[in-house]
Every structure is written in C-alpha cells, then in structure tokens.
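Asker: Okay, here's the structure, questions in a sec.
The values are calculated or read from the model by the stated rules, or taken from the named source; none is laboratory data. In this text, all values refer to a predicted model and were calculated from it rather than measured experimentally. In this analysis, Cβ positions are derived from the backbone assuming ideal geometry, glycine residues included, and neighbour counts consider all displayed protein chains. Calculation scope for accessible area: heavy atoms of the full protein, side chains included, ligands and nucleic acids excluded. Shrake-Rupley method; radii C 1.70, N 1.55, O 1.52, S 1.80 Å.
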Amino acid sequence: MTYIGNKSDLRVVGTRPDRPDGVEKVTGRAVYGADFRLAGQLTGRILRSPHAHARIIKIDTSKAKALPGVKAVMTAEDLPNITSEEAFVGEGPTNFRDQSLNVMARGKVLYEGHAVAAVAAMSPSIAEAALALIEVTYEVLPHVIDVEEAMAPGAPILDENLFTAGVDPKPTTPSNIAKKIILKSGDIDAGFAKADVIAEGRYVTAAVHQAYIEPHACVATIGADGQATVYASSQGHFMIRSFCAKLLGMEISNIRVIPLEIGGGFGGKTIVYLEPVALKLSQISGKPVKLVMTREEVFRASGPTSGAVVEVKMGAMKDGTIVAAQAVLKYQAGAFPGSPVQPGLMCAFAMYDIANVHVTGYDVISNRAKVAAYRAPGAPISSYAAEQVVDDLARQLGMDAITIREKNAAKAGTKTVYGVTFPEIGYEAVLAAAKSHAHWKAPLGKNQGRGIATGFWFNIGGESSASVFVNEDGSVSVVSGSPDIGGSRASMAMMAAEVLGIPVDNVRPIIGDTASIGFTNVTGGSRVTYATGMATVQATEKVIEQLKQRAAMIWDISPDAVDWKDGQAVPAGANAGGFDPLSLAAIAAKAGKTGGPIGSEVSVNAQGAGPGFGAHICDVEVDRETGQTTIIRYTAIQDVGRAIHPSYVEGQIQGGAVQGIGWALNEEYIYGA
Amino acid sequence: MSKTHVTTTINGEPAEFLAEAGLSLLDALRDEVGLTGTKEGCGSGDCGACSVIVDDRLVCACLVLAVEAEGATIQTIEGVATGDTLHPLQRKFIEHAALQCGFCTPGFLVAAKSLLEKNNNPTETEVRFWLAGNLCRCTGYDKIVRAVMDAAAEMRGA
Amino acid sequence: MSGLSYTAPSTISEAVSLLANASGLAKVLSGGTDLLVQMKSGRLKPALIVDTKKIPGMIGIREIDGAFVIGAATSGALMGEHAGLVAAWPGVVEATNLIGSTQVQGRASLAGNLCNASPGADSPPAMIAAGAIAVIAGPAGTREVPVEAIVTAPGRTSLAKGEFITEFRLPKKPARSGDAYLRFIPRTEMDIAVVGCAIAVTLDANGVCIAAKVALGAVAPTQLVVAGAAAALIGNKLTDAVLAKLDAECQAVCKPITDKRGTIEYRTKVAGVLARRVAAIAFQRAGA
C-alpha cells in the first residue's frame, strides 16, 4: 500500500484545507446527541444514589408508575442478570457484568450518583416528578474514597466476591485490590547497588474528569419486532451496539447505532451509561426515549480518570547512567475494577533505556464513579512521578535536565520492561528539538522557574473499516466507522484525495452507522488516523485498481497497460500517449457500461503503529505571598509522524497541554467538603 | 400547569412560544423554538455554550427565564451568518482550525461577535478575558483567540 | 418546578404586595445568575418569582451632584460602562466586574450579589468600603441601611418578608480619595474568592490618611468591616510599618473556615497580603 508518511511529493497531506464539517459546526446546524429528536419521543430521567455505599433493600416504583404521563419505570430487575465476562469493547479491558451493574445498580449502590432507577414520561417535569415518587430503601454501609485507605486491612469491602488477582497463592479473603501486576527486567537490587545517587518520591495525583463540554445524550427506539435503533454521540457506535446487545440480551444484528456529532470525549465516551437504559425504557413504553445527562450527572456518574499514589525510586551512576528504576502504582478504578494501571506501568519509564526495572501496580476499587479512559490512559500519572525523580537525579548529579534524558534515552533496539523492542523511534529527536529550542535557553525573571517533562504513548492500531465510492459524476465519498472527535473526517478525505490524486474538495467524508460500514473499534488510543486511515488508503487503492480496469475496458487494452496519475487514467507502456487520459468523471460516467458502480470497502486490524514521544517545557511564576502560579511560557515538542492536517495535530497538542495544566494546577474531585 | 405566551424577535424574525414559569430561555430556544445550535454544557452559567445576545447584551441562555424574554430581541448562532454567507468570525474559525469537536463553537462565536460589536480592535488580553466564560476542552484556546483577532482585523479592513 | 409562578410587576408597591402576601417561598429575580442555578439544582423551590426589572429605576445609574444612585437590578456590565462611576468609585466597579464571566456580568446585579448572602461575594466588600447605603422598600415603607447591615449569615439577610432592595446610594467621593478591591483566586478568571479585600481612603494635602474603611470577604460568615485596620491607616502615610499593622489587624479579625478553596491559615494569611496590596492601590488612586 501507499505509505503516505514516506511519500516525498505530497499534494494534499500536510496542507491545511477547511474541514468538511466546518460550516455545519460554525452555523449551529451540526446535530449532537441532545439535538436529535424523534417524533413522539419520551423524556427519560435517571434516579441516582445519594449514598456512597449502601445496600438496596427495596425499590418501590408503584407511585411513579401511577403518575399520569409516566410511560415506563425501570430498575436493574428489568435487565438480565448477566454473568461476569471480560470485554474488550471500549478502550482497555472491562467486564460486561460490571458495565451492567454500572448502568443500573443491582443489590448495592457503590458510589454517590450510581443509577438505581429510570423513568420515561411525556415531559421533563413529569419525569422529574416521577423520580421524586420512587421510594428506595437503603441500608447505608461504610464507604471508602481514598485509594490507600481502600487497600488497607479492615477497609469497607465493595465486592465480597472480589479476590486480588495476580497474587500467589490465591487470597482467601475479599479485597478492594482487584489486581496486582508486576513488570520487571534485569535485577533491581543489583541495579541500585551500582548506583552512586538515588532519588525517590511519593506523588499523589487527583482524579480529574475528561470534562468534554457535551454531556452524554442519546435517543433510543425499539419496535415490537425487536429492531432497535440508537442515536447517540460517542467515541464508538459499534461499542454502544456491543454493550447494548450484551446488557439487554439482544442479538447484535437487531441493533443499529447511528452516530451523532460528538462534543468531546477524551476517552470518556468509550463506554456506555445511557444507551441500554434508554433502549429498555423504549421497550417498556413502546416509544422512543431520549436521555440526556446534566453536567452534575456527568461529574457524579461518568468518567473520571484515576486518582493515584505513585512511589518512584531511581538510581544513577556518576556519569548519569540510570541503572535502576522502581515504582509502585496505586490507581483508583472507581467502583468497578479496570483502572489504567497496566499502561501506567508500561509507560512510566518507557522513555529510557534502563537495565534494571521493577514496577508494581495495584488496581483498586473504591466508592467513586467507575473510571473511564482519559488521554493516554494511565500514562500521565506514572510519567509525572517518574519525571520528577529523573529531575531529582539530575539535580544530585549537577546535570542538565535534558542531558540526563539524552544520556538514558530509549532508541531503536531498546527493550521495554513490557517486552517490546523499539523500532526506529523519535525520542532522541524530541530531546534534541527541546534542547535547541529558544525557550530552553531563554532567561527567567524573578520568581520564575522552568521545568521539562517527557512522555510516551504506544499509539495503537486495531480494527477499522472504510469504504470509498466513486459517485456518478466522479466525486468521491469516503465512509468510515470512526466517530470524528477532532478532525478525522478531514484526514480521511485528505488521505483518499492524496492517493487518488484529486483535490480534497472532491471527496466527501462521512461516518457510517453500524449497519452501513464494517466493524470499527472506538475512536481512542490514538488509533484512528493510523488504522482507519490505513483502511481508507487501502480502499482507495482498490478503487484505483477498478478505475484502471474500467479505463482499460474503455480503451480495450490490458489493465496492466494503464497507469493512474494525477487523478486520471493514462495509457502506459506500449500504449503510452495512445489515448487521451480519462478523468474520474469520465470513467464514472461510463461505469454502468463497464461493470457497474465503482467502490470498495476495506476492513483492517492494523498493527505496527509507531510510538509517540513528547517533551513539554513550561515556565511558571509563583507569587511567593499567595502561592498563585501563573504559566508564563509553554512549549510542546511532539513526534507526530506525518501530520495529515497539521492544524488539527497542533490543536490536539495544545488542547492536551491545557488539560495537563488544569490537572496540575486546578482540577480535582473533592469529597466530603 | 399554565404556560405563558412569550413573544420575541429571534434572529430578526418574530417568534412565539409557550413557557412554564421555570423554563430557561435555553430550553425554550432548543425545545420550543427548535433552535438547537445553542448548546447546554452545564446549565449553571459556567461554560458559555449557551451564549446568546438578548437586547444587545451577551448572556447565558441557561440563566435567563424564558418568560423574561417577552418583547426581547434575541440573537443566536443560527443568526450569525447572513443567508449562506458566513460571518468573518465563522470563516476564521474554520480557517484557523479554532474548533475540534465544535460543541462549544456556537457559544464562542456568539460571544466573540458581541465583543467585536463593542470593540472592533481588541487586544489578545481583552479577547481572552471577554471569552473567559466560554469553556473549550479541545483546543486549548490558542487557535480560538487567533481566529477572533484575525476576524477583527479583517472586519476593520486591516 | 410545578406550582411555580412568575410575575413582573411595574411598581415598587405592587412588588412589595406580591412578596408580602405570597403564601409559599417568594424570591426576587433581578439578574437571576444565582437564583436560576439554585432552582435548577433543586436547592431552592420557590412558589413565586417576582421579577423586579420592569420597575422603573431598578436598572440604571444616576449621578446626582457627584453622588450615585444605582438601581438594585443594575448589572455589572452597565456599571463598567458608566464612565462617571468608574472614575469615582473604581474599586466598586472592579469588584462588580469580577463576578463570573462576561455573560454573567450582563445579568448579575448588585442586589443579587449582596442578597445571595455568600461570604465570598465580590461586590459587597467594595460597596461597604465605599460607604454604600441600601434603600429597602417594604410593607412599612422604605428604609435606608448601610450595606454591611444586610447580610446576617451565609444565605441570610436582614430583609423582612415583603422587603427588597430598590437602589444603592454611593456618596460623592471626597477630594483626594480612592478605593480598590482585590480578590484572591487560584486561577485568572471565573472563580469564587478565597479572600476578598476592599479599602477606601481619603488623604489630606500631605498624603496622610484622614479617613479609611476596610472590608474583608470570604474570611467570616459575613463580610467584615475591619475597624482596627482602618485605624492603622488613619493618621499615617503608607509606610512599611503601617502596612505591617494593617496586615496584622486584618489577620486578627479573620474567622474563616477550611474548605475546598482554602484552609483557615491560608485565608488568614492571604487576607493580610491582599490588604497591603489593596491599600497601595487605594492610596495611589487617592493621589498619594
């Protein structure tokens, strides 16, 4: 296939055309989750737990059901009580049973905001009145919020059937520690024995929410024939389909999920909260049901990422060689297992070539909302701690912060603690760019300081589908299965245009629903431009093969004697110059007579994504009397590979940096205040 | 429950709707009038996604009661373009990639339009403070501020 | 929301009568930026909303012989656009213009900011330092009280049933006077004060302070008038020793709570820091 990244004569890729969904979005016409409506739809509302941890003794919905205008009331009793089953549906592993219990509590509520019942009614005010009529009897239980308190002996146990995995022998008492993971390479003790200096620290990071501006929203409808349609904004409509099928005991083919515009996700819309509930309410009422979260519900019941405690110890020799790196990661998972502690372990020291590494991770449940993926899930938490300790080593050694990183930089051939040997990577180039940047050498004013930190993310591939059609007039449609969260329609159109050799304006990209395009994993993990892009490029290439065949038929020569050049079929070889080139439009006009419509769909399971490295330099000024911290200057250096649309790549980096600043300075969940 | 009949002018056109006393102008615009370009991000005046201009004053539609809008002149995102001609701010937002998911974009555009109507030559600091009540989680704001500055320059004929 | 009714009377007496005779909870609506949030969250469930903005005089600023009458429902945006008010009482205007966002400033009113009775409100300390008077209409007629007499506890005011504030009066600014307000928030904008401090001073021809009023916000259940801090300024120029005394006097009266915005110790310390900084601005504005 065409490797766009290596092509030297790019015409479309690397330019900055207007995005295809731009006009819709600047005029208010783009339809997001809460903007969609179906005729006769009911308004749904969810009753949520006021307690952090309680046994549900009884839910009496009779008064709510009796209220005029109420068309459906449901609890977990209306959902199949499914068994535990690992699911690889969103971003990172989860469990179908946990998801079922998360969308509607069964037996116990595990966090403040946990859904316990839902209603659908003729109006918002009736739905709200109905919620107030649902009587829930709770037996309030002791709760635990803090990760280390949840790990401690005697902590309130959330799940009596949870025994720590990854411990030998298998524990006999239940624990809030869902899993213990150890990754190691070399001999950590021998490494520390070689060290001339040792630095260590304990770093506590807050749980923060992805805080997409669009609250979760969907409309669901199911007919008497069991055919269901869900209109929703998410990072993966196939993900919604999978969860709805499993949680409701439905066949996947009976569920069609139609993606609406998504108002931000950052990982937080890679799992379901509302859709199975809306479908069940629709089934009970026989009408379409719309569910929209309030901002308060978003914060109480969805996301966030893990708060964590990370302990890091590193040792280096006098010349700056880091000889040992050890870390213990305690990550909050929220009410159900599944924190991103595993990628946290893998990413912590991935920037460095260190002979002796030992990292231990704990996946810990507590009475908080279940965590969801968030921008390189798990990585910023452990990198933050590891990078502080690297700085401490540099200070002890009197070394420059970039120099110590250069000295230990991972490069092609470096074997990571998780077993992968890096191919050609960009970390050294990132460091070189940081070191030569004017920012690194700029003078600092009074009360100002400068820091640098580097980071790593795998980037992933995975399953993606795309189809490319040549329309009757020679214009091109590109359909993919990836929700567009930040400009992927633009990049798909640009890649197709690049390969076809036509202007990007001639390509219209759309997102296909679950019934009109092949299976596609969620938009997450930094995979779409790569994997869905790969499917798009391959589908485009197949279309070019067809176009060449059609031209060959028109000219009555062998397809081998046709080249595709600058958006046209041209005769090649012995026939070169023998015919006038045939444009896309000319070939499309004759498609009916040369074998029918021209188009191709390709599904891939993309492998081999190149890892990403970045370095950020930040200057802050601190008011010594109040502690107020002001960002004075911020420079981000990122190895992005080939930027398809550079403006949107820049935007991702700028947005990520600002989220990081928020995490570092302002954002947190505060309980009990 | 009794509803109040509210008569307004929205984007230059007469518009009438019925409102319960507690209905917000945001819900009225979205659910009663069908103008869903104005978004709800928080419902508490913190995010600015529901920015609209009421009688020449920039406000959060979620913090206005629909019944208060009796007799008011309201501008929403749907009225920012003239026919199929985009407002310079709309063009510059696209050109500068000042939107990613686009959900906050209508609020930013309405707020920025309100700024430029009062001050056609704002400094970057003035733009940032004026837009401080419009939250964007995607872009980090840099491209938004550039787009507003560039639109202002174009509108001044600079 | 069921059972809620809305009314927008056109006279003060009509509004008083509606408020006084309401059977359930009746709330005055001016800017609504606090009220609507509290209704949406379910914290407040009023039966009646009395929108006062249709009453003549409730919105707008009149300058009378150098003094100012500000309608109680006047927004911060209108105050910021009034050149005469900005010139005379910059501290009052800057405090009001710190409330929320541009959008909130387009609606949020002086009376609302005061009567919401939040310890962290921005405009009350500045109004108190400036010597503002609130004019209250009620079933027994009108009365005038200093702004510091309105808030009695978080969420509570001294207004009786049927009463509401119709206007605020700011005195004519004496010669060689200046006022200023600063608040501390960890961010740049869009936050609620951890501490707020307002100071108004009058100097003599030699730059010696002859009158001062110091008010603190967010360090006690209500705004505090700090007499000791004013005394520290009066009779003095702004020397390091005077600033230190001002700082200490402000810290001494703080009775804050520890919450998500700051600890007792932090708020107390920052109150002193802000007082020093605000005094410097106020003295400079007074021509020192």
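Asker: Filter the range A:91-124 down to residues that are without any contact (Cβ under 8 Å) to a residue 60 or more places away in the chain and within 27 Å of the chain's Cα centre (by Cα) and give me whichever is least open to solvent (accessible area, probe 1.4 Å).
Answerer: The extreme case among them is A:Ala105.
Asker: In the range C:240-270, which residues are open to solvent by less than 60 Å² (accessible area, probe 1.4 Å) and aromatic (Phe, Trp, Tyr)?
Answerer: none
Asker: In the range A:324-342, which residues are open to solvent by less than 10 Å² (accessible area, probe 1.4 Å) and within 21 Å of A:Val389 (Cα to Cα)?
Answerer: Of everything in the range A:324-342, those that are open to solvent by less than 10 Å² (accessible area, probe 1.4 Å) and within 21 Å of A:Val389 (Cα to Cα) turn out to be A:Ala324, A:Ala325, A:Ala327, A:Leu329, A:Tyr331, A:Val341.
Asker: Looking at (1) touching a strand residue (DSSP E or B) at 6+ places or on another chain (Cβ under 9 Å); (2) over 22 Å from C:Phe184 (Cβ atoms); (3) more than 14 Å from every other protein chain (Cβ to nearest Cβ); (4) part of a helix (DSSP H, G or I), which one does C:Ile128 not meet, given that it meets all the others?
Answerer: Among (1) touching a strand residue (DSSP E or B) at 6+ places or on another chain (Cβ under 9 Å); (2) over 22 Å from C:Phe184 (Cβ atoms); (3) more than 14 Å from every other protein chain (Cβ to nearest Cβ); (4) part of a helix (DSSP H, G or I), C:Ile128 violates only (2).
Asker: May I pose another question? Checking the condition more than 11 Å from chain B (Cβ to nearest Cβ) and closer than 22 Å to A:Glu668 by Cα, which residue from A:Ala308, A:Ala316 passes? Step through it out loud before you land on a result.
Answerer: On the way: A:Ala316 fails: closer than 22 Å to A:Glu668 by Cα.
From the options A:Ala308, A:Ala316, the qualifying one is A:Ala308.
Asker: Check A:Ala434, A:Ala453, A:Ala442, A:Ala412 and return the single one that is open to solvent by 40 Å² or more (accessible area, probe 1.4 Å), out of contact with any Leu (no Cβ under 9 Å at 6 or more places or on another chain), of a type outside the set (D, E, K, R) and closer than 17 Å to A:His616 by Cβ.
Answerer: A:Ala453
Asker: Look through B:Gly71, B:Gly102 and report the one residue that is within 14 Å of chain C (Cβ to nearest Cβ), part of a loop (DSSP other than H, G, I, E, B) and either open to solvent by 30 Å² or more (accessible area, probe 1.4 Å) or not acidic (Asp, Glu) (or both).
Answerer: Checking each option against the conditions leaves just B:Gly71.
Asker: If you don't mind, there's one more thing I want to ask. Name the residue, out of C:Ile199, C:Ile210, that is buried (at least 19 other Cβ atoms within 10 Å of the Cβ), part of a strand (DSSP E or B) and in the same structural domain as C:Ala279 (by TED's automatic domain parsing).
Answerer: Details: C:Ile210 fails: buried (at least 19 other Cβ atoms within 10 Å of the Cβ).
Result of the check over C:Ile199, C:Ile210: C:Ile199.
Asker: Give me a count of the residues in the range C:265-276 that are under 17 Å from C:Ala232 (Cβ atoms) and within 12 Å of chain A (Cβ to nearest Cβ).
Answerer: Of the residues in the range C:265-276, 6 are under 17 Å from C:Ala232 (Cβ atoms) and within 12 Å of chain A (Cβ to nearest Cβ).
Asker: Taking only pairs six or more apart or across chains, which ones have beta-carbon atoms under 6 Å, a first residue in the range C:250-264 that is farther than 26 Å from C:Ala230 by Cβ, and a second residue that is aliphatic (A, V, I, L, M) and open to solvent by less than 60 Å² (accessible area, probe 1.4 Å)?
Answerer: Cβ pairs passing all conditions: C:Arg261/C:Val194.
Asker: On to the next question. Here are some conditions: (1) assigned to a loop (DSSP other than H, G, I, E, B); (2) within 13 Å of another protein chain (Cβ to nearest Cβ); (3) of a type in the set (A, V, I, L, M, F, W, C). A:Phe519 meets all but one. Which one does it not meet?
Answerer: Unmet condition: (2).
Asker: Assess whether C:Gly162 counts as being crowded, with 18+ Cβ neighbours inside 10 Å, within 14 Å of another protein chain (Cβ to nearest Cβ) and part of a loop (DSSP other than H, G, I, E, B).
Answerer: No.
Asker: Still on this structure, I have one more. Taking the condition of being aromatic (Phe, Trp, Tyr), away from every other protein chain (no Cβ under 14 Å) and either touching a strand residue (DSSP E or B) at 6+ places or on another chain (Cβ under 6 Å) or over 21 Å from A:Gly44 (Cα atoms) (or both), how many residues in the range A:204-257 meet it?
Answerer: Going residue by residue through the range A:204-257, those that are aromatic (Phe, Trp, Tyr) are A:212, A:231, A:238, A:243.
From what's left, away from every other protein chain (no Cβ under 14 Å): A:238, A:243.
Then keep just the ones that are either touching a strand residue (DSSP E or B) at 6+ places or on another chain (Cβ under 6 Å) or over 21 Å from A:Gly44 (Cα atoms) (or both); that gives A:238.
Residues flagged as aromatic (Phe, Trp, Tyr), away from every other protein chain (no Cβ under 14 Å) and either touching a strand residue (DSSP E or B) at 6+ places or on another chain (Cβ under 6 Å) or over 21 Å from A:Gly44 (Cα atoms) (or both) within the range A:204-257 amount to 1.
Asker: I would also like to ask the following. Has the range A:657-666 got at least one residue that is at pLDDT 95 or above, more than 12 Å from chain B (Cβ to nearest Cβ), surrounded by 15 or more Cβ atoms within 10 Å (Cβ to Cβ) and not in a helix (DSSP H, G or I)?
Answerer: So far as the range A:657-666 goes, no, none of its residues is at pLDDT 95 or above, more than 12 Å from chain B (Cβ to nearest Cβ), surrounded by 15 or more Cβ atoms within 10 Å (Cβ to Cβ) and not in a helix (DSSP H, G or I).
Asker: Which of the residues belonging to the range A:8-58 are of a type in the set (Lys, Arg), touching a residue at least 60 places away in the same chain (Cβ under 8 Å) and facing chain B (nearest Cβ under 10 Å)?
Answerer: Passing the criteria: A:Arg16, A:Arg19, A:Lys25, A:Arg37.
Yes/no matrix, rows are residues, columns are (1) of a type outside the set (Gly, Ala, Ser); (2) out of contact with any strand residue (DSSP E or B) (no Cβ under 8 Å at 6 or more places or on another chain); (3) at pLDDT below 95; (4) more than 26 Å from A:Asp146 (Cα to Cα):
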residue	(1), (2), (3), (4)
A:Leu38	yes, no, no, yes
A:His53	yes, no, no, no
A:Asp78	yes, yes, no, yes
A:Met104	yes, no, no, no
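Asker: Residues that are farther than 28 Å from B:Gly41 by Cβ: find the strands (runs of 3 or more DSSP E) completely inside the range A:10-81 holding 2 or more of those.
Answerer: A:54-60, A:70-74
Residue-wise test of (1) under 22 Å from A:Ile213 (Cβ atoms); (2) part of a loop (DSSP other than H, G, I, E, B); (3) within 11 Å of another protein chain (Cβ to nearest Cβ).
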{"position": "B:Thr9", "(1), (2), (3)": "no, no, no"}
{"position": "B:Ala15", "(1), (2), (3)": "no, no, no"}
{"position": "B:Gly22", "(1), (2), (3)": "no, yes, yes"}
{"position": "B:Asp27", "(1), (2), (3)": "yes, no, yes"}
{"position": "B:Thr36", "(1), (2), (3)": "yes, yes, yes"}
{"position": "B:Gly45", "(1), (2), (3)": "yes, yes, yes"}
{"position": "B:Ile53", "(1), (2), (3)": "yes, no, yes"}
{"position": "B:Val67", "(1), (2), (3)": "no, no, yes"}
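Asker: What's the number of the condition A:Gly533 fails, among (1) open to solvent by 10 Å² or more (accessible area, probe 1.4 Å); (2) closer than 30 Å to A:Ala432 by Cα?
Answerer: Going through the list (1) open to solvent by 10 Å² or more (accessible area, probe 1.4 Å); (2) closer than 30 Å to A:Ala432 by Cα, A:Gly533 breaks only (1).
Asker: Related question: How about the range B:130-152: which of its residues are in a helix (DSSP H, G or I), farther than 18 Å from B:Cys101 by Cα and within 7 Å of another protein chain (Cβ to nearest Cβ)?
Answerer: B:Trp130 - this is the single residue of the range B:130-152 that is in a helix (DSSP H, G or I), farther than 18 Å from B:Cys101 by Cα and within 7 Å of another protein chain (Cβ to nearest Cβ).
Asker: Would you check which residues across the range A:4-30 are in contact with a strand residue (DSSP E or B) (Cβ under 6 Å, 6 or more places away or on another chain) and either open to solvent by 50 Å² or more (accessible area, probe 1.4 Å) or of a type in the set (A, V, I, L, M, F, W, C) (or both) and list them?
Answerer: Matches in the range A:4-30: A:Ala30 only.
Asker: Counting only residues that are small (Gly, Ala, Ser), in contact with a Ser or Thr (Cβ under 8 Å, 6 or more places away or on another chain) and part of a strand (DSSP E or B), how many does the range A:186-225 have? First the steps, then the outcome.
Answerer: Of the residues in the range A:186-225, the ones small (Gly, Ala, Ser) are A:186, A:190-191, A:193, A:195, A:199, A:201, A:206-207, A:211, A:217, A:220, A:223-224.
Imposing the further condition that a residue be in contact with a Ser or Thr (Cβ under 8 Å, 6 or more places away or on another chain) reduces the set to A:207, A:217, A:220.
Going one step further and asking which of them are part of a strand (DSSP E or B), we end up with A:217, A:220.
Here the count works out to 2.
Asker: Test B:Lys143 against the criterion of being outside the structural domain of B:Ser51 (by TED's automatic domain parsing) and touching a residue at least 40 places away in the same chain (Cβ under 8 Å), and give yes or no.
Answerer: So B:Lys143 fits the description; yes.
Asker: I've got another one for you. Would you kindly identify the strands (runs of 3 or more DSSP E) lying entirely within the range A:551-642 that contain at least 3 residues that are more than 14 Å from every other protein chain (Cβ to nearest Cβ)?
Answerer: Strands (runs of 3 or more DSSP E) meeting the threshold: A:562-565, A:568-571, A:598-606, A:612-622.
Asker: Taking A:Glu261, is it of a type outside the set (Ser, Thr, Tyr) and away from chain B (no Cβ under 14 Å)?
Answerer: No.
Asker: Kindly evaluate A:Lys246 against the criterion of being assigned to a loop (DSSP other than H, G, I, E, B) and among the basic types (Lys, Arg).
Answerer: Details: assigned to a loop (DSSP other than H, G, I, E, B): no; among the basic types (Lys, Arg): yes.
So A:Lys246 does not fit the description; no.
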